[in-house]
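All remarks here apply to the structure that follows.
The values are calculated or read from the model by the stated rules, or taken from the named source; none is laboratory data. Computed from a predicted structure; not experimentally measured. Here Cβ is always computed from backbone atoms with ideal geometry, including for glycine, and neighbour counts include all displayed protein chains. The area values use the complete protein model at the heavy-atom level, side chains included, leaving out ligands, DNA and RNA. Shrake-Rupley method; radii C 1.70, N 1.55, O 1.52, S 1.80 Å.
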Amino acid sequence: MAAFAAFRDSARSLAPEAAVVLGSGLGPAVERISIVAEAKFGDLPGFAVPTVHGHGGRAILGHWAGVPVLVFQGRMHFYEGHTWERATATVRLAAELGVRKLLLTNAAGGICDDLHPGDLMPIRDHLKLLDRDAWKRPAEPISVYSPRLLALLPETFTGTYAALTGPTYETPAEIRALKAMGADAVGMSTAVEAETAAKLGLEVAAISCITNKAAGLSSGVLDHSDVQHVAGQPEVVGRMANLLERLIVEGGPGIP
Ligand code: HPA
């Protein structure tokens, strides 16, 4: 764990103000960072090497627009066979290293008619449909997503993200049910990370990159390589990086 000790020392001297998790396809946003130190997920305690193509599996310390940040290129998913403990290792490491603001990104299927591939949707609230009987339970009474950070992205539509376990995409009937429940987009991550961060006292924002119309809402067949292709388009990554940069620079260091 010498690699981790060196990384932790770099984090202590850099004192990152924000942690960012870059989801499927969005890894190239790291080009915005002037890198100070990096570590592979395999070198970090409680982490695992990502099995999903398109998830880099690197933790990076550096400056983004002059602000010290900790950026995770990739994440660990429940559908890869990880426990929720492991799937949230990024969040707990960020908190341990003193970060007070967490910015999550993901790829998601669009359910709301107004969402099209390539659109970015800041998440206002989520439906966490991950537990046994989750579909029978009402949503959490209070959203974990910071209204203060959302207000920094005023020109964009904000929506409700439904988190399912995956790994398979949904059926058209499930998408109709999710729509009736109030979901605007659907994906397989983020909700548990956001709740874990909020419990640890971090300020949280999350943005979905809509990579496809959800099942049954278009004629195409859903495929992970298409998801990655849409999210990874330089123009899409650039717009996502611009929103993250606004939250990093104008959002300040988060809850003290
Ligand atoms: N469903 C679930 N997860 C996803 C989707 C989807 O349609 N697109 C990207 N991630």
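A few notes on this one:
- Between Leu115, Leu202, Leu153, Leu103, the distinction of being open to solvent by less than 70 Å² (accessible area, probe 1.4 Å) and within 14 Å of the ligand (Cβ to nearest atom) belongs to Leu115 only.
- Pair list, Cβ under 6 Å, 6 or more apart: segment 237-254 residue on the phi > 0 side of the Ramachandran plot, other residue open to solvent by less than 20 Å² (accessible area, probe 1.4 Å): Gly254/Lys101; Gly254/Glu203
- Residue that is nearest to the ligand (Cβ to nearest atom) [pool: residues in segment 171-197 that are of a type in the set (Gly, Ala, Ser), open to solvent by less than 50 Å² (accessible area, probe 1.4 Å) and under 23 Å from Thr156 (Cα atoms)]: Gly187
- Residue in segment 150-162 that is touching a His at 6+ places or on another chain (Cβ under 6 Å) and at pLDDT 95 or above present: yes
- Looking across segment 1-21, the residues that are touching a residue at least 12 places away in the same chain (Cβ under 8 Å) and assigned to a helix (DSSP H, G or I) come down to Ala3, Phe4, Ala6, Phe7, Arg8, Ser10, Ala11, Arg12, Leu14.
- For Trp135, the stated conditions hold: it is at pLDDT below 95 and over 19 Å from Gln228 (Cα atoms).
- Filtered residue count, segment 53-78, keeping only those that are under 15 Å from the mean Cα position of the chain (by Cα) and either of a type outside the set (A, V, I, L, M) or within 16 Å of Pro28 (Cα to Cα) (or both): 14
- The residues listed here are Gly66, Gly23, Gly46, Gly98; of these, the one that is within 16 Å of the ligand (Cβ to nearest atom) and either open to solvent by less than 10 Å² (accessible area, probe 1.4 Å) or over 22 Å from Gly232 (Cβ atoms) (or both) is Gly23.
- Segment 205-231, residues that are open to solvent by less than 30 Å² (accessible area, probe 1.4 Å) and over 20 Å from Val71 (Cβ atoms): Ile210, Thr211, Asn212, Ala214, Ala215, Val227, Val230
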